Amino acid sequence: MSSHLTPEEASNKARGYKAAISNPNVSDEAKQHAQEVLDNELNGGDVKISTDDGVDPKNRIRGYKSTLSNPNVSEEAKQHAQEVLDEFEGEDNKPSADDGVDPNNRARGYKAAMNNPNVSEEGKKAAEEKLNNM
């Protein structure tokens, strides 16, 4: 793996090269270059981010959150997703002022949620409260 890349950057780069290889609109020459970079710089594309299974914890939480609002998911799966999220939040993993997120971006996100017609009234109220508590 390139030593100047963070694990997340290397993972993103590997995903991009893998996508190029499987894209029918990419030339054979470009596919060959992508494979060479994967093999020589990115451990063949097997780049771990932070968990043992290679899944970014933030993406895992996003997945559980999306499960809750997916109409095609069983109630049992939704209940499991909620339990996982409750456990995650109970482990003092709530966003904090020092989590690396720009406070201005966070405020913009809350404002966007408050005006998004796809966000529930409960979600809008929660966003407003969080914005007011910043």
Region 95-134 - Kirkwood radius from inverse mean 1/r over Cα pairs (Å): 10.4 Å
Spin-label model distance (nm) - residue 114 vs residue 83, 7 Å beyond Cα toward Cβ: 3.7 nm
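We did not get these values from a lab; they are worked out from the coordinates using the rules stated. These numbers were taken from a predicted model, which means no experiment stands behind them. Quick reminder, even Gly has a Cβ in these numbers, built from the backbone with ideal geometry, and neighbours come from all protein chains shown.
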